[in-house]
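Trainee: Below is one structure. I have some questions about it.
The values are calculated or read from the model by the stated rules, or taken from the named source; none is laboratory data. Computed from a prediction, not measured in an experiment: that's the story for all the values here. When we count neighbours, we look across all protein chains shown, and the Cβ atoms used for this are built from the backbone with ideal geometry, even at glycine. Please note that ligands, DNA and RNA were not included when accessible areas were found on the heavy atoms of the full protein model with its side chains. Shrake-Rupley method; radii C 1.70, N 1.55, O 1.52, S 1.80 Å.
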Amino acid sequence: MEGSIRMGPFFHGLLLALGLILPLGVQNVFIFNQGAIQPTLKKALPATITAAICDTVLILLAILGVSLIVMQYDWLRLTLIIFGVIFLLYMGFQIWSAKANPQSDAQTMQMSTKKQIVFALSVSLLNPHAILDTIGVIGSSSLVYSGMDKVIFTGTCIVVSWCWFHGLCFAGRLLKKVDASGKFLGILNEISAIIIWITALYMVKSIF
């Protein structure tokens, strides 16, 4: 009986985390691209690990209720949106430039460790809508649990996040092996840049 009770928060956290993380968004696009562009999976780890850590922090803050308090300040929300838009526009330009010549020297397309971390931080933490989704869905859903059940629910959400980002990076790596010419990757980068710019415009619209 105890085991069946514990499975409730596990499956709840599993389905909830998957539902939030599966849709194609800026964060997923960035991680997938790094898996495809970097010469090895190890070289793409700064992006995947940074994104996973950011998600872990957001989940913990949402469940602890801290982020809900922070987002009540309009000036902070506006600041996040402005910085988010700037980073997204810049990131879109970088990805669009990379797609222009997918067969060029790989070094021109690969991001350094520092740049990966900065971009991963920007797409993870400078997106108020993603933060609000985490608060509204995971944060509010955690309210029904307490004690060990809340720990299981929280841990499941975090594990799903880590597995998803590393799996996404691996999928990008597989694409690179299949698409030896780099043509599909070039098209993917173009689509990715457009998605990122649309996200930036949506964030600007939210200001008004």
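Trainee: So for region 86-108 (the condition being open to solvent by less than 60 Å² (accessible area, probe 1.4 Å), within 22 Å of Val57 (Cβ to Cβ) and at pLDDT 85 or above), does at least one residue qualify?
Mentor: Scanning region 86-108 turns up no residue that is open to solvent by less than 60 Å² (accessible area, probe 1.4 Å), within 22 Å of Val57 (Cβ to Cβ) and at pLDDT 85 or above.
Trainee: Which residues, taken from region 159-178, are crowded, with 19+ Cβ neighbours inside 10 Å and of a type in the set (A, V, I, L, M)?
Mentor: Once the filter is applied, which keeps residues that are crowded, with 19+ Cβ neighbours inside 10 Å and of a type in the set (A, V, I, L, M), region 159-178 yields Val160, Leu168.
Trainee: Suppose we filter region 1-10 for residues that are at pLDDT 70 or above and either exposed (fewer than 12 other Cβ atoms within 10 Å of the Cβ) or part of a loop (DSSP other than H, G, I, E, B) (or both); how many remain? Step through it out loud before you land on a result.
Mentor: Our first condition is that a residue be at pLDDT 70 or above; within region 1-10, this holds for 8-10.
If we keep only those that are either exposed (fewer than 12 other Cβ atoms within 10 Å of the Cβ) or part of a loop (DSSP other than H, G, I, E, B) (or both) as well, we get none.
Count: 0.
Trainee: Restricting attention to region 142-158, and to residues there that are more than 23 Å from Ile53 (Cβ to Cβ) and without any contact (Cβ under 8 Å) to a residue 24 or more places away in the chain, which single residue is surrounded by the fewest Cβ atoms within 10 Å (Cβ to Cβ)? Please lay out each step first, then the result.
Mentor: Let us first name the residues in region 142-158 that are more than 23 Å from Ile53 (Cβ to Cβ), namely 143-149.
With the extra rule that they be without any contact (Cβ under 8 Å) to a residue 24 or more places away in the chain, the set shrinks to 143-144, 146-147.
Numbers: Leu143: 10, Val144: 12, Ser146: 9, Gly147: 7.
Looking at residues that are more than 23 Å from Ile53 (Cβ to Cβ) and without any contact (Cβ under 8 Å) to a residue 24 or more places away in the chain, I get Gly147.
Trainee: So if I check each of Thr79, Thr113, which one is open to solvent by less than 70 Å² (accessible area, probe 1.4 Å) and modelled with pLDDT of 75 or more?
Mentor: Working: Thr113 fails: open to solvent by less than 70 Å² (accessible area, probe 1.4 Å).
So the residue among Thr79, Thr113 that is open to solvent by less than 70 Å² (accessible area, probe 1.4 Å) and modelled with pLDDT of 75 or more is Thr79.
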